[in-house]
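Undergrad: This is the structure, below, for whatever I ask next.
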Amino acid sequence: MAVDRIQNQMSDALEVLEQDGTVPDDIYSSNEIFELEQDRIFRRKWIPVGHESEIPDEGDYIVRYILEESFIVVRDEEGEVQVFANECCHQGRQVCHGEMGNASHFRCPYHGWTFDNTGELVGIPNLEDAYQGNIDKDEVGGLRQPRFDTYDGLVFICLSEETEPLEDFLGDFKFYLDYHLKRTSEGMELLGPHRVIKDTNWKIGVINNMSDHYHSLVTHRSFADVPSILPTDRLEEDEPRYHIHAGPGGLEMAETGSWFDIYPEEMHDSMREGLPEENLKLMEEKGYTPINGGFFPNFIINTTAVATPEGEDSAIGMTYVMMYRPISATQSEAYLWCAVEKNAPEKYKERAHQAFVGAFGSSGVADQDDAKNWMSVTKGSKGTTMDLRYDMQKETKPVDWDAPGTAYHSWFNEANARHFLRQYFEAMSGED
Ligand code: FES
Ligand SMILES: [Fe+2]
């Protein structure tokens, strides 16, 4: 059976990864493998779909997707986040066709069944004539609610009842996520999203962001050469780095001193207040700053200094968040946001957003440079299978580390790529 065959292949691939650090390139283009990924990964793992700050007011909603399935994420009249399958419980029509908006009710356009924003069925037209009163709204129930949960404002959905709770799934990676999304007591707000469909397999970008400092010097050379976009010294200086993996994620930290100097001074106190004590300690005492990272299966996050159109010395700190939604083996939809401190001055928010659009937005130079590579890797992986190398620093030993996870002290290292791929093959072979 095809499924058994692919599962066995994935199990063999896990062994080869452990031994040689290589993987077969058809994981980036095989339709059969993509079929199994839908079941083994996207229908089982916790999948991030958005952020609470995208629906600040009662009735605000966004529609988000796991694979082809759409979900309504809405803030109800009590201010609570609710998530529903976008599928009418009468005959299955999608009840919401906007991508975002504000609504107290969702009325199905087919026969008019109406649901409030807690998902409850509150109206059936012509109830007496149609059903002679023989239908009980409570018994019919309302919009189907999948398992969902939030962390640091991120909203996750899990389509399996058997998967562990979100907190356990995120495990030690929570510590690193907090750096990016728990600055200030009011939390972060996400601006966007920009949405782009790219001819790339969904895994490549996540692996790249979790692990690949190696590409920066070549791929991003062109924008480093334009000082109005990225401060040139970010690529020039021999900045010692740590590559850390923890829970489902991996990220890089630089020994560049405190982050705070890349933020306006008026924000420093509230950022200090917001960051958990242990995070602050590692940053202030050791001078470690988290940069790019992500977690399995499809999430990317990065805080870095980016120059704004105001000139070479105008670099400011900014965070971007990205999620990949697979459409097929060779095509994905990327959602990209700029994350800013909710209580930051409006002027800073504007500049951070400008910096994001210029560098990492859908038309930004950095995202374009990266996407070109990822699309080409996807194209190259079609046809005859060859092995791709993720074996950099494979024999290097981890160093002592005062924070969660396993850390390697090296300028370049693919330990985090192997960490992603290990989880991938374990899930695909049923060994997770
Ligand atoms: S399918 Fe929605 S009311 Fe009939
Ligand atoms: Fe890149």
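Undergrad: What is the gain in length, in nm to one decimal, between Lys347 and Lys281 on full extension, counting 0.36 nm per residue of separation less the C-alpha to C-alpha distance?
TA: Numbers: separation 66, 0.36 × 66 = 23.76 nm, distance 2.88 nm.
Residue separation times 0.36 nm, minus the Cα-Cα distance, leaves 20.9 nm.
Undergrad: Just from its helices, what would the mean residue ellipticity at 222 nm be for the chain, if runs of 4 or more DSSP H residues each count -39500 (n - 2.57) and the sum is divided by every residue, rounded to the nearest 500 deg cm²/dmol?
TA: On the way: 15 runs with 133 residues, N = 432.
Result for the chain: -8500 deg cm²/dmol, rounded to the nearest 500.
Undergrad: How large is the accessible surface per residue of the chain, computed with a 1.4 Å probe and reported in Å² as a whole number? Each step should come with its number before you reach the end.
TA: Values: 18060 Å² over 432 residues.
Per residue, the chain has 42 Å² of solvent-accessible surface.
Undergrad: Give me the extension gain from Asp129 to Glu186: residue separation times 0.36 nm, minus the current Cα-Cα distance, reported in nm with one decimal.
TA: Values: separation 57, 0.36 × 57 = 20.52 nm, distance 5.17 nm.
Contour length minus Cα-Cα distance gives 15.4 nm.
Undergrad: At what distance in nm do the modelled label points of Thr163 and Ser104 sit from each other, each positioned 7 Å from its Cα along Cα→Cβ?
TA: Simple spin-label model gives 3.5 nm for this pair.
Undergrad: Just grab the label-to-label distance for Asp152 and Asp39, each label 7 Å out from Cα along the Cβ direction, in nm (one decimal).
TA: 3.3
Undergrad: For a quick check, take a GNM of the chain with Cα springs below 10 Å and name the residue from Asp149, Asp261, Asp129 with the largest mean-square fluctuation.
TA: With Cα springs under 10 Å in the chain, the top fluctuation among Asp149, Asp261, Asp129 is at Asp129.
Undergrad: Springs between alpha-carbon pairs under 10 angstrom, Gaussian network model over the chain: which of Thr385, Thr22, Thr184 fluctuates most?
TA: Ranking Thr385, Thr22, Thr184 by mean-square fluctuation puts Thr385 first.
Undergrad: What is the spin-label model distance, in nm, from Asp4 to Leu67 if the labels are put 7 Å beyond Cα along the C-beta direction?
TA: So the label points at Asp4 and Leu67 sit 2.2 nm apart.
Undergrad: How large, in percent, is the carbon and sulfur part of the accessible surface of the stretch 1-108 at a probe radius of 1.4 Å?
TA: With neighbouring chains kept in place, the figure for the stretch 1-108 is 40 percent.
Undergrad: Below 8 Å between Cα atoms, with a sequence gap of 6+, how large is the relative contact order for the chain in percent? Intermediate values should be presented prior to the final figure.
TA: Details: 908 pairs, mean separation 94.9, N = 432.
The value is 22 percent.
Undergrad: Can you tell me how much longer the chain between Glu255 and Lys397 gets when fully stretched, taken as 0.36 nm per residue apart minus their C-alpha distance, in nm with one decimal? Walk me through the intermediate numbers first.
TA: Details: separation 142, 0.36 × 142 = 51.12 nm, distance 1.92 nm.
Residue separation times 0.36 nm, minus the Cα-Cα distance, leaves 49.2 nm.
Undergrad: Only sites in a loop by DSSP and with at most 15 other Cβ atoms within 10 Å count here; which GluC sites (Glu not before Pro) in the stretch 1-96 make the cut?
TA: Working: sites: Glu15, Glu18, Glu32, Glu35, Glu37, Glu52, Glu54, Glu58, Glu68, Glu69, Glu77, Glu78, Glu80, Glu87; in loops: Glu58, Glu68, Glu77, Glu78, Glu80, Glu87.
Loop-located and lightly packed - Glu58, Glu68, Glu77, Glu78, Glu80.
Undergrad: Looking at the stretch 157-202, which GluC sites (Glu not before Pro) are DSSP coil and have at most 10 other C-beta atoms within 10 Å of their C-beta? Walk me through the intermediate numbers first.
TA: Working: sites: Glu161, Glu162, Glu167, Glu186, Glu189; in loops: Glu161, Glu162, Glu186.
Those satisfying the criteria are Glu161, Glu162.
Undergrad: If the rule is a partner Cβ under 4.7 Å, which cysteines in the chain fail it?
TA: Cys89, Cys96, Cys158, Cys338, each lacking another Cys Cβ under 4.7 Å.
Undergrad: Taking a threshold of 28 Å on the Cα-Cα distance, which of the pairs Lys174/Lys382; Lys45/Lys198; Lys198/Lys347; Lys45/Lys281; Lys198/Lys394; Lys281/Lys397 fall above it? All intermediate terms of the calculation are to be shown ahead of the outcome.
TA: Working: Lys174/Lys382 36 Å; Lys45/Lys198 23 Å; Lys198/Lys347 32 Å; Lys45/Lys281 32 Å; Lys198/Lys394 31 Å; Lys281/Lys397 25 Å.
Beyond 28 Å: Lys174/Lys382; Lys198/Lys347; Lys45/Lys281; Lys198/Lys394.
Undergrad: Highest GNM mean-square fluctuation, the chain, Cα pairs closer than 10 Å: which of Gln132, Gln82, Gln38?
TA: Gln132
Undergrad: In addition: What's the center-to-center distance, using Cα atoms, between the stretch 385-399 and the stretch 296-358 in Å?
TA: 29
Undergrad: Leaving out ligands, DNA and RNA, and with a 1.4 Å probe, what % of the accessible surface on the stretch 294-370 is carbon or sulfur?
TA: Numbers: 940 of 2100 Å².
For the stretch 294-370, the apolar C and S fraction of the accessible surface comes to 45 percent.
The values are calculated or read from the model by the stated rules, or taken from the named source; none is laboratory data. Since the structure is predicted, the reported quantities are computational estimates derived from the model, not experimental observations. No Cβ is skipped: glycine too gets one built from the backbone with ideal geometry, and neighbour counts run over all protein chains shown. The protein model used for the area step is the full one, side chains on, heavy atoms only, and it has no ligands, DNA or RNA in it. Shrake-Rupley method; radii C 1.70, N 1.55, O 1.52, S 1.80 Å.
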